[in-house]
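**Student:** Can you read through this structure? Questions will come right after.
The values are calculated or read from the model by the stated rules, or taken from the named source; none is laboratory data. Bear in mind the structure is a predicted one, so any value in this text is a computation, not a measurement. Don't worry about glycine lacking a Cβ; one is built from the backbone with ideal geometry, like all the others, and counts go over all protein chains shown.
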Amino acid sequence: MRNVDINRLNEMYLDILKELGNIGAGNAITALSTMIGKKVDMQVPKVKILDFQEVSDIFGSADTIIVGIYFDLDGDVKGNILFALDIKSAASLIWSLMGLEVKEEFDELEKSALEEIGNIMAGSYVASLSTLTSLNMKISPPAISIDMAGAILSVPAIKYGEISDKILFIETQFIEGEKLIKGDFFLIPDINSFDLILKALGVEVNGK
Amino acid sequence: MENKIYRVGMADAKVTQSPGILTTIGLGSCVGIVLYDPITKVSGLVHIMLPYSNKMSDNSNKLKFADTGIQILIEEMVKLGANPKRLISKIAGGAQMFSSKINSDIMNIGERNAVATKEVLGKLGIPIVAEDIGGNYGRTIEFYSEDGRLLVKTIGYGIKYI
């Protein structure tokens with residue numbers, strides 16, 4: 001299969017990817033809003049193409065502690081999904097959902113609740129894209145890690161590293177109405193899946 | 001010379017002389033490989049993401065891989081006056097950040113990186129004098145070329161010199 005050159009994606013492709021983020025994250029965030037019974041606002045998705053050296057700093061510093069919930073994306077479209085929250089937001093989320101106050105550390109129940117929230121959101125994201133493109137997409141069970149941002153981001157970066165020297169991701173930030181919960185949703189499609197996504201949407205590949 | 005700190009990102013490498021400090025922040029499944037010539041105190045740190053360059057379709061960034069990354073690091077260190085026969089190494093990282101509920105290759109890439117690193121260093125005859133490998137947590141490392149100490153910092157798993 002001919003690959004799309006990540007360095008030569010034109011504005012139109014980027015707009016399409018942003019729109020995918022818009023639709024997917026819109027659904028994911030509606031699901032979140034329903035779960036916690038609060039209004040959640042979403043920002044315009046950003047498509048970023050970064051060198052690996054820059055990746056670990058997307059949360060400010062590589063040693064910022066974040067909660068990361070990770071999914072493998074498989075089926076016609078491959079890649080991965082990362083749902084990231086700062087510690088305070090994750091604790092607020094647990095509070096909103098379960099009425100539990102998180103002590104110094106998240107216990108197993110709380111971690112599992114966060115995984116499940118991520119699972120519902122990622123499921124909504126992928127289901128809406130799958131409907132839109134008529135492509136088969138399924139996500140793995142969620143896996144959580146609470147650690148340095150750089151270490152968590154190394155996982156999708158390594159996966160991308162096998163096929164490219166840059167990483168492309170579609171990032172959608174969201175913020176709950178009272179600003180207690182802020183999060184980031186990343187769709188990181190495998191570069192080899194671009195052709196398929198664009199074709200499914202009726203876009204001619206290779207910039208003709 | 002001041003104690004300058006050189007930061008090494010993913011798929012990146014830096015070399016220095018005493019008393020320079022080499023650091024990489026938030027190592028996950030990647031491996032940080034420090035090479036050190038104890039006589040000249042020429043030091044290098046490479047942050048590799050993947051095991052072997054020849055198994056990948058895109059291998060243009062040589063610093064991404066254990067085999068080519070170590071090779072380039074040695075070349076750069078020799079330019080600063082290191083003797084390749086005297087080099088010793090310290091390695092850290094190779095964690096599995098997410099639990100194995102996800103049953104794919106990417107989940108044990110940390111281990112594969114660590115194994116490849118040891119194989120490459122072994123073939124080059126570079127002894128590994130200290131290591132902090134594996135687990136399911138991230139690490140920040142700082143190497144002090146002045147005395148060869150490697151500081152390993154974690155979230156919840158302590159801080160130590162190796």
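**Student:** Looking at segment B:62-88, which of its residues are buried (at least 22 other Cβ atoms within 10 Å of the Cβ) and not in a helix (DSSP H, G or I)?
**Tutor:** B:PHE65, B:ALA82, B:LEU87 - these are the residues of segment B:62-88 that are buried (at least 22 other Cβ atoms within 10 Å of the Cβ) and not in a helix (DSSP H, G or I).
**Student:** Residue pairs, Cβ under 7 Å, 6 or more apart or interchain, first in segment A:98-117 and surrounded by fewer than 17 Cβ atoms within 10 Å (Cβ to Cβ), second of a type outside the set (Val, Ile, Thr). List them.
**Tutor:** Close Cβ pairs satisfying both conditions: A:MET98/A:ALA113; A:LEU100/A:GLU110; A:GLU101/A:TRP95.
**Student:** Given A:LYS199, A:LYS138, A:LYS166, A:LYS179, which one is surrounded by fewer than 23 Cβ atoms within 10 Å (Cβ to Cβ) and at positive phi?
**Tutor:** A:LYS179
**Student:** On to the next question. Could you check how many residues of segment A:176-198 are farther than 19 Å from A:LYS138 by Cβ, out of contact with any helix residue (DSSP H, G or I) (no Cβ under 9 Å at 6 or more places or on another chain) and either assigned to a helix (DSSP H, G or I) or at pLDDT 85 or above (or both)?
**Tutor:** 2
**Student:** So which pairs qualify, if the first residue must be in segment A:160-172 and at the interface with chain B (Cβ under 10 Å from one of its Cβ atoms), the second must be of a type in the set (Gly, Ala, Ser) and surrounded by fewer than 21 Cβ atoms within 10 Å (Cβ to Cβ), the Cβ gap must be under 8 Å, and the two must be at least 6 apart or on different chains?
**Tutor:** Listed by first residue and then by second, the contacts come to A:GLU162/B:SER57; A:ILE163/B:SER57; A:ASP165/B:SER60.
**Student:** In segment B:111-141, how many residues are acidic (Asp, Glu), within 19 Å of B:LEU63 (Cα to Cα) and surrounded by 15 or more Cβ atoms within 10 Å (Cβ to Cβ)?
**Tutor:** Qualifying residue count for the region: 1.
Matching residues to (1) among the acidic types (Asp, Glu); (2) within 14 Å of chain B (Cβ to nearest Cβ):
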residue	(1), (2)
A:LEU14	no, no
A:LYS39	no, no
A:ILE49	no, no
A:VAL55	no, yes
A:GLY60	no, yes
A:GLY68	no, yes
A:LEU73	no, yes
A:LEU93	no, no
A:GLU101	yes, no
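**Student:** Residue check, A:ILE163 against (1) farther than 25 Å from B:LEU50 by Cα; (2) in a loop (DSSP other than H, G, I, E, B), all met but one. Which one?
**Tutor:** Only one criterion in (1) farther than 25 Å from B:LEU50 by Cα; (2) in a loop (DSSP other than H, G, I, E, B) is unmet by A:ILE163, namely (1).
**Student:** Hey, can you tell me all the residues within segment A:145-157 that are surrounded by fewer than 24 Cβ atoms within 10 Å (Cβ to Cβ) and touching a Leu at 6+ places or on another chain (Cβ under 7 Å)?
**Tutor:** A:PRO156
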